[in-house]
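Colleague: Could you have a look at this structure, given as structure tokens, before my questions?
Laboratory data are not the source of any read-out in this text; all were calculated from the coordinates shown. This one's a predicted model, so the numbers in the text were calculated from it and none came from an experiment. Backbone-built Cβ (ideal geometry, glycine too); neighbour counts: all protein chains shown.
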Amino acid sequence: MLDRIAQTGAFGRTSVQRLGQAGVFLCRLLLRIPNFKKIGPSVWHQLYSVGVLSGIVIVVSGLFIGMVVGLQGHHTLQKFGASSQLGQLLALSIARELGPVVSALLFAGRAGSALTAEIGLMKATEQLASMDMMGVDPLARIVYPRFLAGLIALPVLSLIFSAVAVYGGYLVGVERLGVDAGSFWSNMQAAVNFRLDVLSGIIKSMVFAFLVSWVAVYQGFTSTPTAAGISQATTRSVVHASLLILGFDFLLTALMIGGW
Amino acid sequence: MHKPWVDISKLTFSHQNKLIFDQVDIRVQRGKITAIMGPSGTGKTTLLQLIGGVLTPNAGKICVDGDDVHALSRKNLSIARRNMGLLFQNGALFTHLSVFDNVAFPLREHTNLSELLLRDVVLMKLEAVGLRGAAHLMPSQLSGGMSRRAAFARAIALDPELMMYDEPFTGQDPISMGVLVRLIKRLNELLHTTTMIVSHDVEETCEIADYVYLLAEGRVIGEGTPAALLNSTQPDIRQFMRGEADGAVPFHYPARPYAEELLDA
């Protein structure tokens, strides 16, 4: 019994310690004046690597999710004779929730894991140590551009995801199931409020971008420099980022709806 | 005797409850080639990382050019490191940059050279290690020995006052080995670079070293000129310098008696 209490205590202490270390890491990362002349090309390259290369996953997933929501929505709304409201249902569920959350989860799996593995491998092959030995801070030259690229890429990908998902819903609802195109678009236009729905979705995706990028670069930078260590760090990166996305989604939704 | 360029006094360092250094004293004279030799696992690479301020000792002091490395602020440590070149054991080339850009990296970071001048400096460094023709290749296209030579060119790009080599001769073919040995010696003679070599290769290291420290089991077991150590009658020094398996330094990691462990099954 005492052992179990001691183990729980040790686990809690380690967790708090790691959280503190992650906080210190974030402060060291952000409390600097970036030299954009030097990191510019690297940020550009990372935007391609984490943003453009994630595009195909985002577009395909967005299309299928939109099509599924279109099908499910039509199936349910038809029972109440309200299938003309499909555009409204689709736009609100995607702009408020599915767009930011699913694109962030996909981003954590596709780009976050890649960032963690890349930084971890650079650590294992002493590239970070050699940079440090040259008097160049690896946080500024390696970690910061990747963090910044993640911060910029995810909100844009989230917008693309939402647009494609709405189109997927249109294809199923209007083209396949025969919902009137005029009512589909006009109901959507009438129901969606830019500030409450679209902007809140963008804010959510910005918060998720911050969380995913932070977790990914931190896990890579602090990974144990072995094959097993990098593998564990990559897994932790995806798991922690996914849980943070879902937890913060609830928190942000509660704040935005104003129910709490 | 002049004031040492690197002055290590009473250095104590442990890692994961294992004592790596116990009150070690080492002095590296300015402009000389000092070799640190010893069996595997004695912490020779760790020593270079301690000098570079990558690791922090538990006790003791490491001064480079009069500055206590571990008392420097992050900014001053970064400035001090610009005067140190470290050739890592596996090269540690940046995998996302070509050989040319790897060598150009420290120059772009710390100098204001025009791209034209920078190109000439990089090509000169690459010519010195025989890799001018490989400037456009990526590190993944190089062999182990070529990676080490490219890393060597990068380490000397800024002409540092202190050069540290971590196992520079491992994995080199006889031609590259001969070139590297001569290059280290020439760099030391022409630029008066203070040089530290960590190596197992007794023959090549003793050929160019002015002074040798022998490390084993966390302490200095011998020091002196290469000739003095090669002729030493002290059992542990003799064992290492002549590559004998049995002697004062155990070949086997501590374990239960062999027969007893086999009969346990």
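Colleague: With all distinct Cα pairs included, what does the Kirkwood hydrodynamic radius of region B:115-265 come out to in Å, to one decimal, could you say?
Modeller: This gives a value of 18.1 Å.
Colleague: If all Cα-Cα distances of chain B are sorted into 5 Å bins from 0 onward, what percent lands in each bin, rounded to whole numbers?
Modeller: Once binned at 5 Å, the Cα pair distances of chain B give 1, 6, 12, 15, 17, 16, 13, 9, 6, 3, 2, 1, 0, 0, 0.
Colleague: Would you mind checking which residues have amide H under 5 Å from B:Tyr165's amide H? H placed 1.01 Å from N; only 5 or more apart, or other chain.
Modeller: Under 5 Å from the amide H of B:Tyr165 lie the amide H atoms of B:Leu87, B:Met196, B:Ile197, B:Val198, each far enough along the sequence or on another chain.
Colleague: Grab the other residues whose beta carbon is less than 13 angstrom from that of B:Val179, score K and R as +1, D and E as -1, and report the net.
Modeller: So the environment of B:Val179 carries a net charge of +2.
Colleague: On the first, second and third principal axes, largest extent first, how far apart are the outermost C-alpha atoms of region A:185-260 in Å?
Modeller: Principal-axis extents of the Cα atoms in region A:185-260, largest first: 56, 30, 14 Å.
Colleague: Okay, next question. From the phi of every residue in region A:114-128, what ³J(HN,Hα) in whole Hz does the Karplus formula 6.51 cos²θ - 1.76 cosθ + 1.60 yield, where θ is phi - 60° and glycine or proline is x?
Modeller: Each residue's phi maps through the Karplus curve to give 5, 4, 4, 5, 5, 5, x, 5, 5, 6, 5, 8, 6, 5, 5 Hz.
Colleague: Using θ = phi - 60° and the Karplus relation 6.51 cos²θ - 1.76 cosθ + 1.60, list the HN-Hα couplings for region B:209-215 in order, rounded to whole Hz, with x at every Gly or Pro.
Modeller: Going residue by residue, I get 6, 8, 8, 10, 10, 10, 10 Hz, with x marking Gly and Pro.
Colleague: What is the sum of charges, Lys and Arg at +1 and Asp and Glu at -1, for the other residues whose Cβ falls under 13 Å from the Cβ of A:Pro225?
Modeller: 0
Colleague: Would you mind listing how long the protein assembly as shown runs along its three principal axes, going by Cα atoms, in whole Å with the largest first?
Modeller: So the three principal-axis extents are 101, 70, 43 Å.
Colleague: Quick one: compute the contact order of region B:141-265, relative version, from alpha carbon pairs under 8 angstrom and 6+ residues apart, as a percent.
Modeller: For region B:141-265, the relative contact order is 15 percent.
Colleague: Give me the dipole magnitude in Debye, nearest 20, for chain B about the Cα centre, with unit charges on the beta carbon: positive for Lys and Arg, negative for Asp and Glu.
Modeller: Its charge dipole is roughly 800 debye.
Colleague: Give me a comma-separated list of calculated 3J(HN,Hα) values for region B:57-68, in order, Karplus coefficients 6.51, -1.76, 1.60 applied at θ = phi - 60°, integers in Hz, x for any Gly or Pro.
Modeller: x, 6, 8, x, 9, 10, 10, 10, 6, x, 9, 6
Colleague: Residues of B:82-94, mean number of Cβ from any other protein chain within 10 Å of their own Cβ, rounded to a whole number?
Modeller: 4
Colleague: List the extent of the Cα atoms of chain A along each of their three principal axes, largest first, rounded to whole Å.
Modeller: Principal-axis extents of the Cα atoms in chain A, largest first: 67, 57, 33 Å.
Colleague: Same structure, new question: List the residues, sorted by chain then number, that are 5 or more residues from B:Glu244 or on another chain and whose placed amide H is less than 5 Å from its amide H.
Modeller: Those lying under 5 Å, H to H, from B:Glu244: there are none.
Colleague: Here are some pairs, A:Lys123/B:Lys3; A:Lys38/B:Lys18; B:Lys32/B:Lys125; which of them have Cα atoms lying more than 31 Å apart in this structure?
Modeller: A:Lys123/B:Lys3; A:Lys38/B:Lys18
Colleague: Right, next: Once the other residues with Cβ under 12 Å from the Cβ of A:Leu246 are scored (Lys, Arg +1; Asp, Glu -1), what is the net sum?
Modeller: -1
Colleague: Amide H of B:Leu215: which non-local residues (sequence gap of 5 or more, or other chain) have their own amide H closer than 5 Å, using H built in the peptide plane?
Modeller: Amide H neighbours of B:Leu215: B:Met37, B:Gly38, B:Ile221.
Colleague: In cubic angstrom, how much convex hull volume per residue do the alpha carbon atoms of region B:1-144 span?
Modeller: In region B:1-144, the Cα hull volume divided by residue count equals 161 Å³.
Colleague: A further question follows. Hey, if you drop one equal point scatterer on each alpha-carbon of region A:82-230 and run the Debye formula without solvent, what base-10 log of I(q)/I(0) do you get at q = 0.09, 0.13, 0.14 Å⁻¹?
Modeller: Normalising to I(0) and taking log10 leaves -0.41, -0.66, -0.71.
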